[in-house]
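What follows is a short report on a single structure.
The values are calculated or read from the model by the stated rules, or taken from the named source; none is laboratory data. Quick caveat: nothing in here was measured; it's all calculated off a predicted structure. Cβ: placed from backbone, ideal geometry, glycine included. Neighbour counts: every protein chain shown. Ligands, DNA and RNA are excluded from the accessible area calculation, which covers all protein heavy atoms including side chains. Shrake-Rupley method; radii C 1.70, N 1.55, O 1.52, S 1.80 Å.
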Amino acid sequence: MFKIRNLYIAAIFLAFLFLWTRFYKIDTSLLFFNDIGRDFLTLWKWQESGKPPLLGPQTSALPFNQSAVYFYLLYPFYLLTSHSPYASLIACSLFYVLSFFVGLYYLREYPRLEKSLLLVFLLIIVHPQYIIQGRFIWNPSFVTPFILTAFYSLVVYLEQKKPKNILLILSAFSIALATAFSYSTVPTLLAFLVLIIFRDRKKFFPYFSYIVLALFIVNLPTIFFELRHDFLLSKMMLFGDRIDQGNNYLFARLINLSKFSFAIDWRIVVIYLLFLILFFYSSLKKEKNRFLNAGGLLLFLTVFLTALMPISVHSHYIFGILPLLFLTISFLRTRYIYMTGVFFYIIFMQAALNENYFAKARNTVAELQNCAQIFCSKKIGPIFISNQSSHHPYHNAMEFQYFMSEAGCDVRNINEGSDQASKMAVILDDDSYNHGKTAFYELTLFGKSTEKERIACKDKLEIVLLEK
């Protein structure tokens, strides 16, 4: 009883630590930008039209979209918080904390797995990429709890003398949902299929069948879209142009995996991985540990398959790998866990000092909202929104499209037709605009125009109004 009480005291402490790292100074440090603006604009349009989206976020590597279940998860929080700009952050944080406590409750009969989940959650709390993408919410942010659920439910199923089929179904649906939120977890899904072959071949076909069914269900909105639009996405993926993201070769992919997973020089990572292999071998030699075997196999296969993917690796591609790394570490002998803990503490503290997670955003949410309200109070009529910034190459101004829509502007999508509006607002984010000289795609679509007015929102944030 005393051990259980200590475990839950530790769990409550970790939950508060998790929430602190995600919400501390979030009102000034949240960079409400691009993907977040895209998501909120989709939720706004859903509420305005009453029509749920059929497609989720578009992927960068392929001309295809993620499942719309991402927006279906966010929408209740968007409504319940009355359009709070922190709605997605609240949704993600609550999802992680609830998953953590529900997991502890259902693993209460497996003390080794309970302790594993505690350690994994601790590493999630302090890992640099988890903090960064836990404060800037988009679809990959939700992947990890699904992978952990898939793992724990599967290994418990394999441990039971009279296994409950619901655990196999839960594992299958969880790993399918992980891919629905990010296709970068497809290698992880394949690794789970290999694991079931190694552990119990008789269960492979049922598990595979559940995964296929789950993939069908979570991608139903996309299937409806494809049927309605004559398989537009499939044709684009098969015959459309691919974006060359650069660094698309094996060594570069391995370097990026190392950099984003450990936030240190790859040479040090190689040394650590050699020690990890040694720790893994020594732990298995000391005791038979099927959990460690499962975690190690999944980790190796996922890294291997991810490295072979013919696309460049970005920071959000590691969320199919990191949970498996943390799981593997959590099943090592205690002395090796402590040694790894010291190693991680040093590199994570260094990363925290370099990243300065809580630094003020160049434009806070309040400043963006105020700018949108100032502009939209002019009641200009139908208008296109674009962006010129010295901080990024994007001109679609998704965050401004959202805030201006919410502030009452009649914002139109220029990609749906340049005849929908005769005015365009060019948001200058720490940049300059020279009429007739500044050029980008949205301006070209808009066509010839004259500069009508400039509205200063604050230092280095200005709006240029153009009219045909």
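Some notes on this structure:
- Hey, A352 modelled with pLDDT under 95, among the aliphatic types (A, V, I, L, M) and farther than 18 Å from D35 by Cα or not: yes
- Check on L17, assigned to a helix (DSSP H, G or I), free of Cβ contacts under 8 Å to residues at least 60 places away in the same chain and of a type outside the set (D, E): no
- Residue match in the stretch 411-420 (condition: free of Cβ contacts under 8 Å to residues at least 40 places away in the same chain, part of a strand (DSSP E or B) and touching a helix residue (DSSP H, G or I) at 6+ places or on another chain (Cβ under 6 Å)): yes
- Residue match in the stretch 367-377 (condition: open to solvent by 40 Å² or more (accessible area, probe 1.4 Å), at pLDDT below 90, within 26 Å of the chain's Cα centre (by Cα) and farther than 19 Å from V464 by Cβ): no
- L80 meets all of the listed conditions (1) over 20 Å from the mean Cα position of the chain (by Cα); (2) closer than 26 Å to H314 by Cβ but one, namely (2).
- Condition check for I137: among the aliphatic types (A, V, I, L, M), open to solvent by 50 Å² or more (accessible area, probe 1.4 Å), within 30 Å of T28 (Cβ to Cβ) and under 14 Å from the mean Cα position of the chain (by Cα): no
- All of (1) part of a loop (DSSP other than H, G, I, E, B); (2) buried (at least 16 other Cβ atoms within 10 Å of the Cβ); (3) among the small types (G, A, S) hold for A351 with one exception: (1).
- Note on the stretch 332-347: among residues that are open to solvent by 40 Å² or more (accessible area, probe 1.4 Å), among the hydrophobic types (A, V, I, L, M, F, W, C) and touching a Phe, Trp or Tyr at 6+ places or on another chain (Cβ under 8 Å), the one that is farthest from W266 (Cα to Cα) is M339.
A quick yes/no check of all residues on (1) in contact with a strand residue (DSSP E or B) (Cβ under 8 Å, 6 or more places away or on another chain); (2) of a type outside the set (V, I, T); (3) closer than 20 Å to Y183 by Cβ:
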{"site": "N34", "(1), (2), (3)": "no, yes, yes"}
{"site": "S49", "(1), (2), (3)": "no, yes, no"}
{"site": "P53", "(1), (2), (3)": "no, yes, yes"}
{"site": "A61", "(1), (2), (3)": "no, yes, yes"}
{"site": "Y78", "(1), (2), (3)": "no, yes, no"}
{"site": "T81", "(1), (2), (3)": "no, no, no"}
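- Test: residue in the stretch 403-411 that is closer than 30 Å to I125 by Cβ, within 27 Å of the chain's Cα centre (by Cα) and crowded, with 16+ Cβ neighbours inside 10 Å: no
- Residue check, L19 at pLDDT below 95, open to solvent by 20 Å² or more (accessible area, probe 1.4 Å) and within 18 Å of the chain's Cα centre (by Cα): no
- Members of the stretch 373-403 found to be part of a helix (DSSP H, G or I) and farther than 26 Å from K437 by Cα, listed by number: Q373, I374, C376, Y402, F403
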